[in-house]
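Colleague: Can you keep this structure in mind? I'll have questions shortly.
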Amino acid sequence: MNILIALLGLVVVFGLAFVASNGRKNIRYRPLIVMVVLQLILAFLLLNTVLGTKLISAFANTFEALLGYAYEGIGFVFGGILAENRASIFFLNVLMPIVFISALIGILQYVRVLPFIVRYIGLALSKVNGMGKLESYNAVASAILGQSEVFISVKKQIGLLPKHRLYTLCASAMSTVSMSIVGAYMGLIPPRYVVTALVLNLFGGFIIASIINPYKVQPEEDILEVQQEEKQSFFEMLGEYIMDGFKVAIVVAAMLIGFVALIAMLNGIFGAIFGISFQEMLGYVFSPFAFVMGVPWHDAVTAGSIMATKLMTNEFTAMLNLQTLINAGTLSERTIGIVSVFLVSFANFSSIGIIAGAVKGLHEKQGNVVARFGLKLLYGATLVSMLSAIIAGLFI
């Protein structure tokens, strides 16, 4: 039964992508089939094998150790607050470690480890996905640097890109997540699903973009020029990355305060007028999509509500809702896994503004182009999340 529902889900996802395609005759099916098969193999390895369990455990343990080091710094600044009631202080426990992880990313960038890894993984991906070196590099870099910072590394080429290639770059940025906040996600939802989503989204972004926005990069256009960061001393760089991490934490905190409060207000208004909360209403709207992703029907409305919350606000707000339900024991393991994988991406309305603003800061005209296809960008990135959740659901 799960396989039949997954097949239905794949038909729905690919059908929705095909309907929105701007060049159906140009779709190349061979790379698509290869990438879907790779997703299936990777999901099986990560979720259903001893090797996958060990890899995820090693990844999760590494981040757990890093978070332990981060708590040392947090505890020093905030005294005994963290030690006394760690579980209840979201800002300190989940968001503040971003500062430390950001500093580590800066160090790995400075010693040229990350650029080397990103470049060569990107080149390997370009052989599989049938796209250009720039698109492949950008997808890997987005998963490490983040959806706005990644464009700085390719700013020399931003102004030269046609609309269709720019779309793919932005789609990759919205479909992935920054490595600096992966630890925060692991504090909210099961780490195995975070790791699985990171891997599946990397290929899913290319799959959906290849249907919605198909094209072939000519050899003379297949150029990758990575912008070298301005030469800084080690401590200049370190201070900059620490402040960047702190800014991310503060921005996420501010967004959560605003969005959680707005949702609470909307729930109150809808409850008073219609006798049903705003989130429950969205749950009914999104429940068919949750069902075709593989969520059991008895959990579909709840799952749909969490999915809609992520789309309307951000993944942190949705993860907080999911964490509450996980702690209450009201959801099946299958529902938890599928919804968790769906939540691990930047696909929400606020990301349209973030990505358009990042590109506009580098090139005014191209920023306006991104703003014009913003909704299509979100549409595609949401399909990527659905595709990853369906693939993962086959092995949960």
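The values are calculated or read from the model by the stated rules, or taken from the named source; none is laboratory data. Just so we're clear, the structure is a prediction, and the values are computed from it rather than from any experiment. Don't worry about glycine lacking a Cβ; one is built from the backbone with ideal geometry, like all the others, and counts go over all protein chains shown. Surface areas here come from the heavy atoms of the whole protein model, side chains and all, with no ligands, DNA or RNA. Shrake-Rupley method; radii C 1.70, N 1.55, O 1.52, S 1.80 Å.
Colleague: Along the Cα→Cβ direction, 7 angstrom out, place labels at Lys216 and Val251. What is the inter-label distance in nm?
Modeller: Label at Lys216, label at Val251, 3.9 nm between them.
Colleague: Lys/Arg Cβ at +1, Asp/Glu Cβ at -1, dipole of the chain taken about the Cα centre: which of Val37, Val339, Phe289 is farthest positive-ward?
Modeller: Val37
Colleague: Could you name the lysines in cross-link range of Lys310, using Cα to Cα under 22 Å and dropping any fewer than eight places away on the same chain?
Modeller: Lys247, Lys376
Colleague: Which percent of the accessible heavy-atom area of the chain goes to carbon and sulfur, probe 1.4 angstrom?
Modeller: C and S atoms contribute 68 percent here.
Colleague: Moving on to the next point. Calculate the dipole size of segment 110-185 relative to its Cα centre from +1 charges on Lys and Arg beta carbons and -1 charges on Asp and Glu beta carbons; express the result in debye to the nearest 20.
Modeller: 280
Colleague: Under a plain spin-label model, where a point goes 7 Å from the Cα along Cα-to-Cβ, how far apart in nm are Ala272 and Val128?
Modeller: Result: 5.3 nm between the two label points.
Colleague: If you don't mind, another one. In the full protein assembly as shown, how much of Leu4 is accessible to a 1.4 Å probe, in Å² to the nearest 10?
Modeller: The value for Leu4 is about 120 Å².
Colleague: Starting from the exponent 0.38 and prefactor 2.2 Å, build the expected Rg for the chain from its residue count and divide its actual Cα Rg by it. Intermediate values should be presented prior to the final figure.
Modeller: On the way: Rg = 20.5 Å, N = 396, 2.2 N^0.38 = 21.4 Å.
Taking N as the residue count of the chain, the ratio is 0.96.
Colleague: Where a Cα-Cα gap under 17 Å defines reach, which lysines qualify for Lys360, not counting those fewer than 8 residues away within the same chain?
Modeller: Leaving aside lysines fewer than 8 places away in the same chain, those within reach of Lys360 are Lys155, Lys156, Lys163.
Colleague: Got a sec? Charge dipole of the chain, +1 on Cβ for Lys and Arg, -1 for Asp and Glu; which of Gln232, Met307, Ile326 is way out at the positive end?
Modeller: Result: Met307.
Colleague: Given R₀ = 30 Å, what would the calculated FRET efficiency be for Ala264 paired with Leu4, taking r from the Cβ atoms and rounding to 0.05?
Modeller: Rounded to the nearest 0.05, the efficiency is 0.20.
Colleague: On a C-alpha basis, how far is the centre of segment 243-292 from the centre of segment 310-336 in Å? Whole number, if you could?
Modeller: Cα centroid of segment 243-292 versus Cα centroid of segment 310-336: 12 Å apart.
Colleague: Then there's this: Please work out the average accessible area per residue across the chain, using the 1.4 Å probe convention, and give it in Å². The partial results should precede the final answer.
Modeller: Working: 17560 Å² over 396 residues.
Value returned for the chain: 44 Å² of accessible area per residue.
Colleague: Just tell me, in residue order, which DSSP H segments of the chain are both 27 angstrom or longer along the helix axis (alpha-carbon based) and at least 1.6 in mean Kyte-Doolittle hydropathy.
Modeller: Those that pass (Cα extent of 27 Å or more, hydropathy at least 1.6) are 29-48, 191-212, 234-274.
Colleague: I would also like to ask the following. What is the magnitude of the charge dipole of the chain about its Cα centre, with +1 placed on the Cβ of each Lys and Arg, -1 on the Cβ of each Asp and Glu, and no other charges, expressed in debye to the nearest 20?
Modeller: Charge dipole, the chain, about its Cα centre: 1160 debye, nearest 20.
Colleague: I would also like to ask the following. Roughly what would the spin-label model give for Glu64 and Lys25, points 7 Å off Cα along C-beta, in nm?
Modeller: Each label point lies 7 Å from its Cα, and together they span 5.7 nm.
Colleague: Just want the answer: with Cβ charges of +1 for Lys and Arg and -1 for Asp and Glu, which residue in Val13, Gly68, Ala143 is farthest toward the dipole's positive end in the chain?
Modeller: Selected residue: Val13.
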